[in-house]
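So the structure is just underneath, and the comments pick up after that.
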Amino acid sequence: MSAKIRLYVEHPLGQGQSVPLTRDQAHYLFGVMRLSVGGQVALFNGQDGEWLTEVTEAGKRGGVLTCLEQTKPLQLPPDLWFLFAPIKKARTDFIVEKAAEMGVAQIMPVQTEFTNSERIRQDRLQAHAVEAAEQCGGTFVPGVATLQRLDRVFDSWPEDRQLMFCDEAEVGSALRLAANEKGQPWAILIGPEGGFSDRERARLSALPFAHVVSLGPRILRADTAAVAALTMWQQALGDWS
Ligand code: SAH
């Protein structure tokens, strides 16, 4: 049994559990999607897998769904952080959406020397990650952190976390991603449209946990580089194989 509508909720899910709806959710389900009592909705909360639920109360400003049965267990992504420098709004949205779809544990916007935008709307980006999971049948939603300075991120970096540093200066060198064991904590770093500064490149390359990686013989736009890097990492070290 499966329901067509999937929604993310911030509420525990479990056998017989009732889930109160927010005003927006009630408006969406009953106003937009025209559901009524007895209608079915799939819910997930990032922790308890996916549950088939039934509308047990429907109102203009609220309502209640009741859990019937678990339809999917929680599927956690690999322990992968995705660090990227925000670019133009639509392309930043795209990067967050793709990272959430392709399977990362945490999305971390970073401010590099050549990053143009000094601010991001963390709540909007988080909503994009939720939407991506809603649409793709995901049961987990990666958190989107607030914007942090790249140098600060590396001041407090967990020693055991490897870093796939995608450096445009390596364009054309052989693709290599040290084939160490799967299941290790990793991170991917993608720079902004302006690329990395020489100072950043020097510091990043010297980090003991950094693996400098080329994404082929062409310079890619940051949004393309994000998808390419995620594909490469997932295939080599993630849960695709
Ligand atoms: N303006 C820069 C390019 C930046 S591309 C220049 O002309 O040199 C944006 C980001 O995508 C880069 O910082 C890097 O992280 C990634 N990227 C793009 N193409 C790449 C390649 N061939 N190899 C490795 N990283 C690449």
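Since every read-out is calculated from the coordinates, none of them should be taken as a lab result. Owing to the predicted nature of the structure, the values given are computational and were not obtained by experimental measurement. Cβ: placed from backbone, ideal geometry, glycine included. Neighbour counts: every protein chain shown.
Using θ = phi - 60° and the Karplus relation 6.51 cos²θ - 1.76 cosθ + 1.60, list the HN-Hα couplings for the stretch 8-15 in order, rounded to whole Hz, with x at every Gly or Pro.
8, 10, 9, 7, x, 10, x, 3
How much length is gained on full extension from Ala127 to Asp239, taking 0.36 nm per residue of separation minus their Cα-Cα distance? Don't skip to the end; give the middle numbers.
On the way: separation 112, 0.36 × 112 = 40.32 nm, distance 2.45 nm.
This chain segment gains 37.9 nm when fully extended.
5 Å is the cut-off here: which amide hydrogens, built 1.01 Å from N in the peptide plane, fall below it relative to Phe84, excluding neighbours closer than 5 in sequence?
Met108, Val110, Ile190
What is the sum of charges around Gly59, taking Lys and Arg as +1, Asp and Glu as -1, for the other residues whose C-beta is under 15 Å from the C-beta of Gly59?
On the way: positive: Arg23, Arg34, Lys60, Arg61; negative: Asp24, Glu57.
Once positives and negatives cancel, what remains is +2.
Could you give the nm distance between label points at Trp157 and Gln75, where each point is 7 Å from its Cα heading toward the beta carbon?
About 3.1 nm, to one decimal.
In whole angstrom, note down how far apart the Cα centers of the stretch 1-79 and the stretch 153-207 are.
First find each Cα centre; the distance between them is then 39 Å.
Can you tell me the relative contact order of the stretch 167-241? Whole percent, Cα pairs under 8 Å, sequence separation 6 or more. Let's see the in-between values first.
Values: 68 pairs, mean separation 38.2, N = 75.
Value for the stretch 167-241: 51 percent.
Count the net charge of all other residues whose Cβ sits under 14 Å from the Cβ of His27, scoring Lys and Arg as +1 and Asp and Glu as -1. Mind dumping the intermediate values first?
Values: positive: Arg23, Arg34, Lys60, Arg61; negative: Asp24.
Once all neighbours under 14 Å are counted, the net charge is +3.
In what sequence, highest mean first, do 164-171, 80-87, 184-191 appear when ranked by Cβ atoms within 10 angstrom? Each step should come with its number before you reach the end.
Values: 164-171: 19.5, 80-87: 25.0, 184-191: 22.8.
With the highest mean Cβ count within 10 Å placed first, the list reads 80-87, 184-191, 164-171.
Using helices alone, what [θ] at 222 nm do you get for the chain, with -39,500 (n - 2.57) per DSSP H run of 4 or more residues, divided over all residues and rounded to the nearest 500? Don't jump to the answer; show the numbers that get you there.
Values: 6 runs with 64 residues, N = 241.
Calculated mean residue ellipticity at 222 nm is -8000 deg cm²/dmol.
Tally Lys and Arg at +1 and Asp and Glu at -1 over the other residues with C-beta under 14 Å from the C-beta of Ala132: what net charge comes out? Spell out each step's value before the answer.
Working: positive: Arg6, Lys98, Arg124; negative: Asp93, Glu97, Glu101, Glu131, Glu134.
Net of charged neighbours comes to -2.
Report ³J(HN,Hα) in whole Hz for each residue of the stretch 42-59, in order, from the Karplus equation J = 6.51 cos²θ - 1.76 cosθ + 1.60 where θ = phi - 60°; Gly and Pro get x.
8, 10, 9, 10, x, 9, 10, x, 10, 10, 7, 10, 10, 6, 10, 8, 10, x
Enumerate by residue number the GluC sites (Glu not before Pro) in the stretch 5-83 meeting two conditions: DSSP loop (anything except H, G, I, E, B), and at most 15 other Cβ atoms within 10 Å of the site's Cβ.
Values: sites: Glu10, Glu50, Glu54, Glu57, Glu69; in loops: Glu10.
Those satisfying the criteria are Glu10.
Over the chain, how many percent of alpha carbon pairs lie in each 10 Å bin up to the one with the longest distance?
8, 29, 29, 18, 12, 4, 0
Counting only Cα, what are the radius of gyration and maximum Cα-Cα distance Dmax of the stretch 6-72, in Å?
Calculated on Cα positions, Rg and Dmax stand at 10.6, 30 Å.
Please report the antiparallel percentage of the DSSP beta bridges confined to the chain, to the nearest 5.
Values: 16 of 41 bridges.
For the chain, the DSSP antiparallel bridge percentage is about 40.
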